[in-house]
Each structure stands twice: as C-alpha cells, then as structure tokens.
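The values are calculated or read from the model by the stated rules, or taken from the named source; none is laboratory data. All figures in this text were calculated on a predicted structure; none of them were measured in a lab. Cβ sites come from the backbone with ideal geometry, for glycine too, and all protein chains shown count toward neighbours.
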Amino acid sequence: MAGHGNKAVVAALLANSGIAVTKFVAWLLTGATSMLAEAVHSVADAGNQALLLVGAKRSAREATPEHPFGFGRERYIYAFIVSIVLFSLGGLFALYEAYHKYHEVHAGEPDQLLDSRWWWVPLLVLSAAIVMESFSFRTAIVESNKVRGDATWWSFIRKAKAPELPVVLLEDLAALLGLIFALAGVSLTLATENGYFDVAGAAAIGTLLVVVAVVLAIETKSLLVGEAATPESIKAIRGALDAADGVDRVIHMKTLHLAPESLLVAAKIAVRHDDTAAEVAQVIDAAERAIRAAEPAAEVIYLEPDLYDRDHTPDPRPEPPHAPAH
C-alpha cells in the first residue's frame with residue numbers, strides 16, 4: 001500500500017506545484033478572485049502532498065525504548081494535519097476572498113471586474129490545469145484500484161488503513177471540481193461583465209474544500225484513535241488460531257493497527273488441561289506462525305494460554321464483526 005500511495009502522492013505533488021505557479025500568474029494578470037482561490041488551493045495541495053511524504057518517511061523509523069511499537073502512526077498524524085491545512089489555507093481562504101470580492105462588486109468599485117485585456121489567460125490556464133489534474137487523478141485511481149479490491153470507492157475511502165491514497169483521491173477530486181467552478185465563474189464574468197459570477201466561483205471552491213477537509217478529518221481521527229483489523233483479517237487470524245495444533249478454542253481476541261501495514265494481535269487461547277509447560281510453549285509458537293502465515297501484517301502477537309471452563313471462564317465482549325466506520 002505504501003508504494004502505491006507514494007507514487008500517487010508524488011504525481012499529485014508535481015502536478016499541483018506546476019499548476020500553482022500558472023494560476024498565480026493568471027491571477028496577477030486578471031485579478032480574478034476565482035484564480036486566486038484556486039492558486040492558494042494548489043499551494044495547499046502541494047504542501048499537503050509534501051506532508052504525506054514526510055509522514056511516510058518518518059513512520060519508517062525503527063522502534064525505540066520510548067516508542068516500542070514504532071512510529072507507524074505518524075502517517076495518520078500527518079494525514080490529519082493535511083485536513084487542517086486544506087480547511088484553513090484552502091477552504092477558509094477561498095471563502096474569505098469570495099466575501100471580500102463580493103463587497104467590492106456590491107460597492108461598484110472600478111476593479112470589481114476582470115482585466116479584459118487578459119481575458120484568455122485564465123481560460124487557458126484553467127483548461128491546462130484541468131488536463132494536468134486529470135492525469136494526477138487518473139494516477140490516484142490506477143494505484144487505488146491495485147489495492148481496493150471489490151470495495152466501492154466510498155467504502156475504500158472510509159475503511160482504508162493507509163491514509164495516502166484516500167487523501168490524494170479526495171484532494172484530486174476536489175481540485176478537478178474546483179477548477180470547473182473557477183472556469184465557470186471566470187467565463188461567465190467575462191461574458192456578462194458581472195463580477196458576482198467570479199464571487200460565486202470562489203465561494204463554491206471554498207465550500208467544496210471545507211467539506212472535503214471535514215471528511216478527511218473524520219476519517220483520519222478514527223485511525224489516530226486506533227482501529228481494529230478489517231473483518232477479513234480478523235476472520236483469517238481467528239481461523240488460523242482455531243486450526244492450530246494444540247489450540248482448543250479462542251476465548252477472546254483483540255486486534256489493533258499500529259500502522260497501516262502493521263497489526264497487533266492479542267488473544268487468550270484455551271489449551272489442553274494435561275499439556276506441560278514445554279508443550280504449551282510449542283502450541284503458542286505454532287499458533288504465532290499460523291497467524292503470520294494467514295495475515296502477514298500481524299507483526300506483534302501476544303498469546304495468553306488458559307484453561308477453558310464453559311461455566312467459569314469469562315467471555316469478554318468479542319471483537320466486533322465489522323470494522324468500525326470512520
């Protein structure tokens with residue numbers, strides 16, 4: 001997952017960096033509020049992709065005594081920061097610019113409309129940006145298809161344990177829609193000489209970015225708090241334990257993602273009453289091997305042997321049958 005995600009992130013970073021420069025040039029030449037909102041949006045997106053790459057690099061550090069389970073969750077932290085940047089620098093800035101421009105247009109100030117001498121610049125820049133952003137979005141879709149399996153797109157975004165691909169997918173989708181809003185606002189303003197269309201384009205961009213940022217924040221918050229393995233992984237792990245030699249039954253089991261590709265598995269298993277300590281140790285070793293064979297992401301495993309008594313052994317609340325919706 002990390003390799004697929006990084007490829008999509010790099011493609012988006014390169015596209016947004018180039019697009020941001022051309023949008024700022026178009027804004028300086030025309031004064032279009034939609035162009036400024038889109039330019040800042042591209043800067044925010046490029047910064048976000050850089051943050052995702054930094055998070056991926058920092059998460060790969062070796063575990064330390066202070067952080068014995070490693071730094072895998074840093075990818076979730078940086079993804080959450082991305083949602084904050086998108087909300088503030090992208091969404092709120094665009095809404096502020098729309099509000100400011102609205103008052104200029106309403107007051108009838110001379111610079112309320114676009115500079116007609118450069119009418120073709122924003123149209124050319126936005127059209128080119130749509131083409132470049134489409135290639136970036138296509139890369140994100142191709143890379144996501146390699147790992148999402150039969151899941152719907154919405155389910156993939158909600159349940160993916162690696163944050164990079166869902167973040168890039170939503171950002172690229174928002175970027176394409178934002179470009180369409182900007183193109184519509186600028187085109188209508190040029191055609192009608194009515195600055196309110198430019199204002200509406202910037203307001204639509206800001207609203208879109210705020211919505212996407214809130215969705216990202218909700219999704220990554222759940223990952224930060226800690227999520228169990230997917231139902232498929234839980235079923236595979238439990239099946240491996242049930243089939244392991246010497247394991248009478250799984251009394252209860254808990255899983256937790258330490259990182260997108262790293263699982264902690266803790267389970268209490270029932271062994272035979274007459275097993276010696278050496279035999280119990282062999283059972284546990286064999287069960288650990290079976291778990292790792294069934295689910296390679298299970299890197300940290302703690303198995304507690306016990307004697308099962310149907311009448312007296314407590315059966316704690318079992319693992320939920322479905323992964324939590326985040």
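Below are the figures for this structure:
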{"item": "Filtered residues of the stretch 251-270 (kept if of a type in the set (Ser, Thr, Tyr) and either touching a helix residue (DSSP H, G or I) at 6+ places or on another chain (Cβ under 9 Å) or surrounded by fewer than 17 Cβ atoms within 10 Å (Cβ to Cβ) (or both))", "result": "Thr255"}
{"item": "Positions within the stretch 20-38 being at pLDDT below 85 and either of a type in the set (A, V, I, L, M) or on the phi > 0 side of the Ramachandran plot (or both), in sequence order", "result": "Val25, Ala26, Leu28, Leu29, Gly31, Ala32, Met35, Leu36, Ala37"}
{"item": "Filter result for the condition that a residue is among the β-branched types (Val, Ile, Thr) and assigned by TED's automatic domain parsing to the domain that holds Leu89, over Ile251, Ile205, Ile237, Ile269", "result": "Ile205"}
{"item": "Elements of type helices (runs of 4 or more DSSP H) contained in the stretch 124-233, each with 1 or more residues being in contact with a Pro (Cβ under 8 Å, 6 or more places away or on another chain) and of a type in the set (Phe, Trp, Tyr)", "result": "153-159"}
{"item": "Sole residue being in contact with a Gly (Cβ under 9 Å, 6 or more places away or on another chain), within 23 Å of Phe156 (Cα to Cα) and at pLDDT below 95, chosen from Ala297, Ala259", "result": "Ala259"}
{"item": "Candidate set: the stretch 50-83, residues that are charged (D, E, K, R) and in contact (Cβ under 8 Å) with a residue 24 or more places away in the chain; chosen: the one farthest from Val215 (Cα to Cα)", "result": "Arg73"}
{"item": "Pick from the stretch 139-198, criterion of a type in the set (S, T, N, Q) and surrounded by fewer than 24 Cβ atoms within 10 Å (Cβ to Cβ), ranking: farthest from Arg73 (Cα to Cα)", "result": "Thr192"}
{"item": "Top-ranked residue in the stretch 14-39 [being touching a Ser or Thr at 6+ places or on another chain (Cβ under 9 Å) and aliphatic (A, V, I, L, M); ranked as farthest from Gly185 (Cα to Cα)]", "result": "Leu14"}
{"item": "Any chance Ala266 is more than 23 Å from Ala151 (Cα to Cα) and out of contact with any Gly (no Cβ under 6 Å at 6 or more places or on another chain)", "result": "yes"}
